Amino acid sequence: MPSPLGNGVPWGTLLADGETVARYWSHVLRRGPDACWWWTGGLTDTAHATFRAGSHTTQTSRVVPAHLFGYRLAHGVDSIPAGLVVRHRCDEPPCQNPGHWLLGTRGDNNRDAASRRRLAGHALADVRGPVGRARAVQAAIAAADPDHLDEAIAAALAAGNPTGAHQDSLF
Ligand SMILES: [Zn+2]
């Protein structure tokens with residue numbers, strides 16, 4: 001059985017390392033309390049954020065899922081009980097807004113994703129797939145005039161729903 005992401009990571013050491021914490025935040029586009037905080041660093045093939053945690057002072061260095069680092073940074077090193085995963089209320093896997101995270105089971109996650117994937121206009125229905133969507137947002141952020149960042153991100157998101165259809169909930 002594969003171990004969940006993040007098992008065996010010396011989280012306490014990494015969270016206490018100022019250089020690692022600074023590197024984490026350097027990849028987060030922090031915005032308003034309700035907005036998604038987009039990740040500008042590396043992405044996994046499921047569009048989750050990833051970065052190299054550790055420095056010469058921690059004597060350990062490894063690539064970790066950024067939301068698992070960020071969740072612990074916000075709630076404490078032991079805040080993710082065994083068997084639970086950190087879910088995204090916003091359904092945007094790279095998002096680092098602590099207000100968009102909640103704990104749940106893998107089953108909750110799979111069930112929600114399966115139903116929302118069928119909703120027109122929903123993040124999970126993006127024709128580019130999760131990685132294509134996340135990369136499009138990163139490209140838009142990199143190219144945007146800082147005064148028009150929100151519009152640039154909104155346009156990058158909308159491009160994944162070429163029909164423009166939108167459904168808020170099933171039935
Ligand atoms: Zn979000």
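Any read-out appearing in this document is the output of simple, stated calculations on the displayed coordinates, not a laboratory observation. Here the structure is a predicted model, which is why all the values come from computation and not from measurement. Note that we place each Cβ from the backbone using ideal geometry, even for glycine, and neighbour counts take in every protein chain shown.
Okay, here's what the table says:
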| read-out | value |
| --- | --- |
| Those residues of segment 88-100 which are more than 17 Å from residue 119 (Cβ to Cβ) and in contact with a strand residue (DSSP E or B) (Cβ under 7 Å, 6 or more places away or on another chain), in sequence order | 94, 95, 96, 100 |
| Of all residues in segment 95-148 being part of a loop (DSSP other than H, G, I, E, B), of a type outside the set (A, V, I, L, M, F, W, C) and within 13 Å of residue 38 (Cα to Cα), the one that is farthest from the ligand (Cβ to nearest atom) | 96 |
| Residues satisfying the stated conditions in segment 125-148, i.e. surrounded by fewer than 16 Cβ atoms within 10 Å (Cβ to Cβ) and among the aliphatic types (A, V, I, L, M) | 127, 139, 142, 143 |
| Single condition residue 115 does not satisfy, out of (1) within 15 Å of the chain's Cα centre (by Cα); (2) more than 25 Å from residue 12 (Cβ to Cβ); (3) not aromatic (Phe, Trp, Tyr) | (1) |
| Helices (runs of 4 or more DSSP H) wholly inside segment 1-94 that include at least 2 residues being within 16 Å of the ligand (Cβ to nearest atom) and touching a residue at least 40 places away in the same chain (Cβ under 8 Å) | 66-75 |
| Matching residues in segment 61-79 - criterion: being within 12 Å of residue 12 (Cα to Cα) and surrounded by 13 or more Cβ atoms within 10 Å (Cβ to Cβ) | 69, 72, 73, 77, 79 |
| Odd one out for residue 107, checked against (1) more than 17 Å from the chain's Cα centre (by Cα); (2) within 30 Å of residue 164 (Cα to Cα) | (2) |
